[in-house]
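Report on the following structure.
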Ligand SMILES: Nc1ncnc2c1ncn2[C@@H]1O[C@H](COP(=O)(O)OP(=O)(O)O)[C@@H](O)[C@H]1O
Ligand SMILES: [Mg+2]
């Protein structure tokens, strides 16, 4: 056991723009993610969710504060963090297998070993039969499974997901929930999951954090104590509805504030 949380954000603040157009996109955000914890981040569009995720991924710097993985500050992207975005971000000229291998080659892993690891991870997302297909020959759900296999292939401790299932239909999405939950349980991953779907957030998470809008802060944290394994029936329980309502009310309150502000600006 380490004394440090897997992931820790301390007073992270991020500005965009210059002069009068300068905005505070993320304001003094602090939270931790424990080993094998699944936490969702929800909030209105533009509240700063993706900015927080890309700071944790090391793709952007923050202006103030620090991001720590196992107690060590991060300096840019690293193999300890895997990222999955909404748009599949696969390379169209590479097959499913080659897309995963490409990431492994980039991480300095030799060809033979990269092939073995890539196949193993395509199996994990149940795509071994589709390894030679190009992205254009795969459904949306399959493409996202390749993206997950790729993110997991270099064995990150933390999986960062930015609305990964936002473009999928409801049935495919629920299959993805099952798959993600089983991988998460097996690999003891810490997951930070961004979504604007409250059902999805409550269903998957140990904890849901609701953000306020501009400047983006963590407004409310709702622990989700629903027993696991969770099934379709979980969604019909009073405990699920209560948690859902708490999260939704907090988001609504924020969107009312935005509407009020816009109303005042227009009058
Ligand atoms: N690269 C950028 N340059 C300027 N403004 C940005 C940039 N990225 C995000 N923003 C602004 O920061 C705020 C938060 O954006 P974002 O993190 O994408 O929100 P969310 O993911 O919650 O929808 C928005 O007002 C957005 O317009
Ligand atoms: Mg976003």
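The values are calculated or read from the model by the stated rules, or taken from the named source; none is laboratory data. As the structure is a computational prediction, the values presented were derived from the model and not from experiment. Quick reminder, even Gly has a Cβ in these numbers, built from the backbone with ideal geometry, and neighbours come from all protein chains shown.
Before moving on, here are some points about what is shown:
- Subset of the range 44-58 that is assigned to a loop (DSSP other than H, G, I, E, B) and at pLDDT 95 or above - its residue that is nearest to ligand 2 (Cβ to nearest atom): 48
- Scan the range 39-88 for residues that are exposed (fewer than 15 other Cβ atoms within 10 Å of the Cβ) and out of contact with any strand residue (DSSP E or B) (no Cβ under 9 Å at 6 or more places or on another chain) and the total you get is 6.
- Lone qualifier among 205, 190, 212 - being within 16 Å of ligand 2 (Cβ to nearest atom) and touching a strand residue (DSSP E or B) at 6+ places or on another chain (Cβ under 6 Å): 212
- Lone qualifier among 9, 41 - being within 23 Å of residue 200 (Cα to Cα), assigned to a strand (DSSP E or B), touching a residue at least 24 places away in the same chain (Cβ under 8 Å) and in contact with a helix residue (DSSP H, G or I) (Cβ under 9 Å, 6 or more places away or on another chain): 41
- Meets criteria (more than 22 Å from residue 44 (Cβ to Cβ) and in contact with a helix residue (DSSP H, G or I) (Cβ under 8 Å, 6 or more places away or on another chain)) for residue 225: yes
- Candidates are the residues of the range 104-122 that are under 17 Å from residue 183 (Cβ atoms) and in contact with a helix residue (DSSP H, G or I) (Cβ under 6 Å, 6 or more places away or on another chain); the one that is surrounded by the fewest Cβ atoms within 10 Å (Cβ to Cβ) is 117.
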